[in-house]
Amino acid sequence: MTTFDDTDFFSDAFTGFGADQAPRRRSGMLTALVLVAAAALVASGMIWVRLAQIPVALPTVDPATTLAVFDHAQRSVDTVAADDLAGSLIDPASTRFLAATADTRYYAGVSRTHLLCVLSLTTGELPTTGCTSTEGGVVDLVIGDELMVVNAGGPAPAAADGWREAGPQVFLKD
């Protein structure tokens, strides 16, 4: 049997790493350059986040030229309860009644970000809102598979597909 009494495996295996070399000193210029680059990355990240929070300027909706329901002043049938408008960003003074089905009432309105919106109030459910830009005067808004709002004089959806006119520029699907 062989024994290894004289051998110190630890000192042979784990010593001598760079012992012959003096520690290398880093340049002060390199350290400054790395710190400036890190600060620039942090600053550009903060600017990027801030710019992402700024809303994009969209063309202003001119309700009088987009939907015929905006041609008249708001009446009592056009008003919506504040609870139903909460969170929708629709200006309460801009709401107009569009149409109704057995369980849903639809209202048009202009959001505070100048988008044309349709608010759907279904009995027993939370209100839902669909909005679109009217860039170039184009109105094309479909809510679910039930309501469609189109341009004045624009192409109407096909009656063969189940659409019926519920008012000027407003179509409901049976």
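The values are calculated or read from the model by the stated rules, or taken from the named source; none is laboratory data. Since the model is a prediction, treat every value here as computed from it, not as a measurement. Cβ atoms come from the backbone with ideal geometry, glycine included; neighbour counts cover every protein chain shown. Protein only, heavy atoms only, side chains kept; ligands, DNA and RNA dropped before computing areas. Shrake-Rupley method; radii C 1.70, N 1.55, O 1.52, S 1.80 Å.
Of the residues that sit in segment 119-137 and are more than 15 Å from ALA81 (Cα to Cα) and in contact with a strand residue (DSSP E or B) (Cβ under 9 Å, 6 or more places away or on another chain), which one is surrounded by the fewest Cβ atoms within 10 Å (Cβ to Cβ)? Among residues in segment 119-137 that are more than 15 Å from ALA81 (Cα to Cα) and in contact with a strand residue (DSSP E or B) (Cβ under 9 Å, 6 or more places away or on another chain), the one surrounded by the fewest Cβ atoms within 10 Å (Cβ to Cβ) is SER133.
For a quick check of your reading: which strands (runs of 3 or more DSSP E) sit entirely within segment 122-174 and have at least 2 residues that are among the charged types (D, E, K, R) and under 18 Å from LEU98 (Cα atoms)? Walk me through it before giving the result.
On the way: elements: 128-132, 140-143, 147-150, 163-167, 170-173.
The qualifying strands (runs of 3 or more DSSP E) are 163-167.
Residues checked against (1) open to solvent by less than 20 Å² (accessible area, probe 1.4 Å); (2) over 21 Å from PRO92 (Cβ atoms); (3) of a type outside the set (Val, Ile, Thr); (4) touching a residue at least 60 places away in the same chain (Cβ under 8 Å):
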{"residue": "LEU116", "(1), (2), (3), (4)": "yes, no, yes, no"}
{"residue": "ASP140", "(1), (2), (3), (4)": "no, yes, yes, no"}
{"residue": "GLY144", "(1), (2), (3), (4)": "no, yes, yes, no"}
{"residue": "ALA152", "(1), (2), (3), (4)": "no, yes, yes, yes"}
{"residue": "PRO155", "(1), (2), (3), (4)": "no, yes, yes, no"}
{"residue": "ARG164", "(1), (2), (3), (4)": "no, yes, yes, no"}
{"residue": "ASP174", "(1), (2), (3), (4)": "no, yes, yes, no"}
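For segment 72-81, state whether one or more residues are in a strand (DSSP E or B) and either open to solvent by less than 20 Å² (accessible area, probe 1.4 Å) or acidic (Asp, Glu) (or both). Scanning segment 72-81, I find no residue that is in a strand (DSSP E or B) and either open to solvent by less than 20 Å² (accessible area, probe 1.4 Å) or acidic (Asp, Glu) (or both), so the answer is no.
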